[in-house]
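Worksheet: the structure to be examined is printed underneath.
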Amino acid sequence: MIKFIIAVMSNQKRLTNLTMVFLAITNLQCNGKRAQIEEGETEIANYKIDTTIDFNKSVELELQNAPKLFLKFWYGMSKLKFEYVSQKLNDEKVLINSDYAVDGCKTNISPKFVDDKLISIELQNSECLYPLYQEKYKLMPLVDRKEIVKQYIENNPEYNPKMSYKKEGHEYKLSDLFIDKSSFVPEGLVRIKESDIKSSKVNVLPKSPIYIEKGEVVIKISQELKYYTGFYDYSLDLMKIQRSYSKDRIANFQLNESQFIITNSKLRTVSKYLNPVITITYMSKMDYEKEKRILMEEKRENLKNQEFIKERKKSVLDEI
């Protein structure tokens with residue numbers, strides 16, 4: 001019996017020792033794996049830092065050596081490099097929130113990329129910049145041009161008449177002057193004769209586009225003539241209604257009741273003004289040559305079409 005107990009105790013001791021050895025091996029393996037993971041994570045972090053440093057070095061090197069398209073931007077740069085340089089120019093106050101700012105004049109910079117490569121930069125709405133280009137490159141001044149304002153009468157799309165309104169739990173009634181006795185326009189729109197319309201003066205380029213060759217860079221100054229809605233005149237007479245208010249109620253009219261002139265008017269007169277929009281584009285000479293060839297081809301096609309129309313007209317005269 002004693003021998004049996006001794007044998008059992010001996011076996012238990014061996015099992016305990018084996019368990020301790022197993023746990024020690026497992027712990028070593030776990031520590032080894034953890035060390036490998038931590039080492040791998042450190043390598044990844046170091047790689048990211050190295051990559052960032054390499055990218056910054058690459059951009060700074062190109063900043064020093066690459067021929068510039070405009071400011072510090074160069075032809076063929078990637079979008080990421082464009083953003084990097086933009087931030088640098090923002091820090092230097094050359095750009096303000098991606099706008100090129102000069103003497104109170106702000107123009108939006110719009111880059112154009114093809115296959116992640118910069119091919120041109122546009123300075124949009126550059127009317128205020130043109131005098132600077134005129135001075136530097138000896139260009140012709142802007143030309144005054146007389147333009148007829150486009151005006152027409154239309155049914156008011158905001159017509160929704162009300163003769164009372166509520167404020168702070170009280171109901172207020174509008175005067176009968178807010179009742180529009182006009183008739184709707186049957187066709188929905190009536191043009192006003194040009195003889196009854198005032199003209200406006202606008203400044204336009206002497207010709208468009210203008211090209212300026214500057215080494216391997218070409219500056220293109222072009223203009224688009226756009227009409228914009230200046231203001232609306234409503235069929236209810238604002239001045240007549242305003243004069244009907246006593247001095248102590250005029251503030252209430254301006255604050256609470258003048259809005260009903262818009263919604264209670266059946267008609268409105270629309271005035272549209274011409275707005276010349278100048279865009280300045282910086283492009284490579286190579287792309288300029290391509291654009292020039294395309295324009296020449298289009299011009300040749302137009303001449304062919306005009307000749308065809310002339311010849312056809314002669315034929316028609318013979319045919320009839």
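The values are calculated or read from the model by the stated rules, or taken from the named source; none is laboratory data. Being a predicted model, the structure only gives us computed values, none of them experimental. FYI the Cβ positions are ideal-geometry reconstructions off the backbone, even for glycines, and counts take in every protein chain you see.
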_Restricting to segment 164-175, and then to whatever is in a loop (DSSP other than H, G, I, E, B) and touching a residue at least 24 places away in the same chain (Cβ under 8 Å), can you tell me which residue is surrounded by the fewest Cβ atoms within 10 Å (Cβ to Cβ)?_
SER175
*Sole residue being surrounded by fewer than 17 Cβ atoms within 10 Å (Cβ to Cβ), assigned to a strand (DSSP E or B) and charged (D, E, K, R), chosen from LYS88, LYS93, LYS112*: LYS112
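Of the residues GLU158, GLU135, which is more than 30 Å from MET283 (Cα to Cα) and either outside any loop (DSSP other than H, G, I, E, B) or among the acidic types (Asp, Glu) (or both)?
Just one listed residue meets the conditions, GLU158.
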_Just checking, does segment 216-229 include any residue being at pLDDT 90 or above and farther than 25 Å from CYS128 by Cβ?_
yes
*Which numbered condition trips up GLN134, out of (1) in contact (Cβ under 8 Å) with a residue 12 or more places away in the chain; (2) surrounded by 13 or more Cβ atoms within 10 Å (Cβ to Cβ)?*
(1)
